[in-house]
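Undergrad: The structure under discussion is supplied below as structure tokens; questions concerning it will follow.
The values are calculated or read from the model by the stated rules, or taken from the named source; none is laboratory data. Quantities reported herein were computed from a predicted structural model and do not represent experimental measurements. Neighbour counts are summed over all protein chains in view; Cβ atoms, including those assigned to glycine, are modelled from backbone coordinates with ideal geometry.
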Amino acid sequence: MTNFKTGRRRVAKGPGWVPFWEDGGWRIDVRLAAGRIRLHDAFRLIDREGLVHRIYKVKGLPSVSAIFDDLRRLRDIRSLTHCDYLAAHFPDEGETARLLQGDPGNGNVRFCAVAHTLRRDNPDWVIVTGDLTDDGLGYELVAAGLAPFLERGRLICIPGNHDVYPTPPFWNDKHFMKSAREKRRRWADFAGRLGLPASGSYVYPLGQGVLLAHFDSCHPSTVPGSASGLVRIHELNHIDQLLKNSQAASLKLACLHHPVSPLRVKGLGLAAFHPGMRLRNAKRMQEHLKKMGFAVVMDGHRHMGYQYQVSTGPMYLSAPSTTYGCRLGAKPFYWRLNVRQASIQSIHKAPIGLLARVETRAGEE
């Protein structure tokens, strides 16, 4: 339920709307105020699929011209920023900055900014801890943006609930709902391009004595709409056996989508309460991760970026939303781990420069 405010695809429907302007399959509808029921005139921009991109509500009609200009400008940008179009025509940094200036909240363009930052940083490995897509759409754009790492075989992506769980009830119009089978098929196609298993937990050697273990936590609850997860016992035992058979690993890293470490309410306030998002066997996972000797455990899911060191145990490293920032208030960033001679030298935040600049300008305005 905490995710309903984002990601929902609003379908154009409802009484009283009248088409006013149309071009290239896009249109602007108008709905005039009707006494006590509707106190404001309303305008909405609708794309070729019938999805609403923006709604304006105003008193009276003096600002109609400015509203239509703004909606048409948004149409021009959104028609160029669909994930399929950007995948086929990936923008350079200058074009990405221009698109961000006109539509700073556009998730596809914000991802392009993240991709350019990663390309400039040029790490040895890029590890994405799930929720690559909002509802199983956009893998082609991810592949295009991170192409330099994909082509070198240096990109590891694990699934998140948005990637493989069925669309939650009441989230979208039934025309846009996706089943778990359909999402799993899309994920399998993408994972195949990366040379990774389509499902299950596995161990992946990163070279120079570093081993990465992925624990598949995307096993949904029977509660409808729940985003919680679970690492199955047989998968824990499978990873344990693989690690015992691998004598060359001097540094063990782990990744999974659902966080293992508990959040401390002190200092976090209401952000610590995120019902339906937990790992259902977190305590058992903590025991196994410590026993297996992992140095760092990386996760995502809650869009909160923090470090949490367990006494005589691993460092838990939780990633924020790299495109939209951290629920704790931090600007968009990703974690950068510097490893030398199979030892962690440092862990620090790497900010997304293009996004920081556009948000600074928006704040000044």
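Undergrad: Is there a residue being assigned to a loop (DSSP other than H, G, I, E, B) and farther than 29 Å from ALA87 by Cα anywhere in segment 144-164?
TA: No: zero hits.
Undergrad: For segment 330-355, how many residues meet the condition of being within 18 Å of ASP124 (Cα to Cα), touching a residue at least 24 places away in the same chain (Cβ under 8 Å) and either small (Gly, Ala, Ser) or touching a Leu at 6+ places or on another chain (Cβ under 7 Å) (or both)?
TA: Residues meeting the conditions: 7.
Undergrad: Anything in segment 341-365 that is among the hydroxyl-bearing types (Ser, Thr, Tyr) and modelled with pLDDT of 65 or more? List them, or say none.
TA: SER343, SER346
Undergrad: From the list GLY269, GLY207, which residue is modelled with pLDDT of 85 or more, on the phi > 0 side of the Ramachandran plot, more than 21 Å from the chain's Cα centre (by Cα) and exposed (fewer than 15 other Cβ atoms within 10 Å of the Cβ)?
TA: GLY207
Undergrad: How many of the residues making up segment 216-227 are at pLDDT below 95 and crowded, with 19+ Cβ neighbours inside 10 Å?
TA: Looking only at that region, the number is 1.
Undergrad: Let me ask something additional. Look through segment 132-143, keep the residues that are among the charged types (D, E, K, R) and outside any helix (DSSP H, G or I), and return whichever of them is surrounded by the fewest Cβ atoms within 10 Å (Cβ to Cβ).
TA: This residue is ASP134.
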